[in-house]
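A.B. asks: Dropping the structure in here first, questions after.
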Amino acid sequence: MLGPPPAAIDTHAHIFDPTLTSVADARYVPDYAATLDQYLDVLTAHGVARGVLVQPSFLGSDNSYLLAALASAPAVLRGVVVISPDRVDTDLSPDRVQDLDAAGVRGVRLNLIGQPLPDLLLPEWKTAGQSMARHGWHLEVQASGTQWCALAAALSNWPSKIVIDHLGLPHAQNPKAIHSVLQLFSQAHVWVKVSGPYRSSPQDADEMFARLVKAGSTDRLVFGSDWPFTRHEDQTYASILEWGRALAGEELFDRMMTTNAQTLFGWADPTSCRRAEPALQGPRD
């Protein structure tokens, strides 16, 4: 199998340690460690230049472990945090967003599986979305089934970029949800993360990818490994790279890991300009 292209970006991975405090209602808490050093070693071993750390849901809105990792490797990492829905006005205040942006954060994750849906049309969410948009951030949404139908109107009018996680967790038995995801993807501010086929089914994931390619812009597709594959630890980094390349074809897969990801995260290719590396230390490339 061909390796990833130079400056490739893995847009979805998690790090954690079993000594960290998990939220009380966590659906799953790993009993093993997935550390930053382990993840960086995995990237190096597979020829991937940079990665995006996504706050795992079981750690809730305490993003301190993720932020420490970003501070230790600012040229290699970006982050997506989780915030508390009842503290939107403080967790995503303009000053807080500016500080997080300087720390390498580029998005906010909403994992809505088994959770009540937030009212994204409320003033505090709209204000937060505007702050996110000013910094080029995105709202990453993990949802499934009828949740997509209920979210469609709010996401269509969200002021910043939207990233649909894990291909929207498609299931053939829920065509209305698939239709909602495809309709969202037809809009210029909506992206899809091609990741986690085992979180729906390989057949459903592959079919959804084909429909996304047919329905929307392939410039808004990005690839994420989902390392360390929580609940699906039998997966390997090499196998998920192989799946992505076989699914998308070499040319599109390379774009998903380079120019597409660079555009989504506002993260310049460090090989294209000698001054790019110092710029990665600051708020925005």
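The values are calculated or read from the model by the stated rules, or taken from the named source; none is laboratory data. Predicted model only: the values in this text are computed from it and were never measured. Backbone-built Cβ (ideal geometry, glycine too); neighbour counts: all protein chains shown. The protein model used for the area step is the full one, side chains on, heavy atoms only, and it has no ligands, DNA or RNA in it. Shrake-Rupley method; radii C 1.70, N 1.55, O 1.52, S 1.80 Å.
A.B. asks: May I ask you to list the trypsin sites (Lys or Arg not before Pro) in region 25-82 that are in a DSSP loop and have at most 15 other Cβ atoms within 10 Å of their Cβ?
C.D. replies: Filter output for region 25-82: 27.
A.B. asks: Can I ask one more? Net charge near residue 77: determine it from the other residues with C-beta under 11 Å of the C-beta of residue 77, scoring Lys and Arg +1 and Asp and Glu -1.
C.D. replies: Once all neighbours under 11 Å are counted, the net charge is +2.
A.B. asks: Now a separate question. Carbon and sulfur: what percent of region 44-88's accessible surface (1.4 Å probe)?
C.D. replies: 59 percent
A.B. asks: If you split all Cα-Cα distances of region 7-150 into 10 Å bins from zero, what percentages do you get per bin, shortest first?
C.D. replies: 11, 40, 36, 13, 0
A.B. asks: Using a simple spin-label model with points 7 Å from Cα along the Cα→Cβ vector, what separation in nm is obtained for residue 64 and residue 179?
C.D. replies: About 4.8 nm separates the two model spin labels.
A.B. asks: If you don't mind, another one. Please go through region 200-234 and write out the trypsin sites (Lys or Arg not before Pro) that DSSP classes as loop and that have at most 12 other C-beta atoms within 10 Å.
C.D. replies: Sites meeting the loop and neighbour criteria: 231.
A.B. asks: Something else about it: Please work out how much length the chain gains when fully extended from residue 150 to residue 72, using 0.36 nm per residue of separation minus the C-alpha to C-alpha distance, in nm with one decimal.
C.D. replies: 24.2 nm
A.B. asks: Under a 1.4 Å probe, what is the accessible area of the chain per residue, stated in Å²?
C.D. replies: Counting only protein heavy atoms, the per-residue value for the chain is 42 Å².
A.B. asks: While we're on this one: Search the structure for amide H atoms under 5 Å from the amide H of residue 105, placed 1.01 Å from N in the peptide plane, and list their residues when 5 or more places away or on another chain.
C.D. replies: 79
A.B. asks: What's the carbon and sulfur percent of region 110-200's accessible surface, probe 1.4 angstrom, rounded to a whole number?
C.D. replies: Roughly 55 percent of what the probe reaches on region 110-200 is carbon or sulfur.
A.B. asks: On full extension of the chain, what length is gained from residue 251 through residue 271, given 0.36 nm per residue of separation minus the C-alpha to C-alpha distance?
C.D. replies: 5.3 nm
A.B. asks: Which value in nm describes the separation of the simple spin-label points at residue 117 and residue 38, placed 7 Å from the Cα toward the beta carbon?
C.D. replies: Result: 3.6 nm between the two label points.
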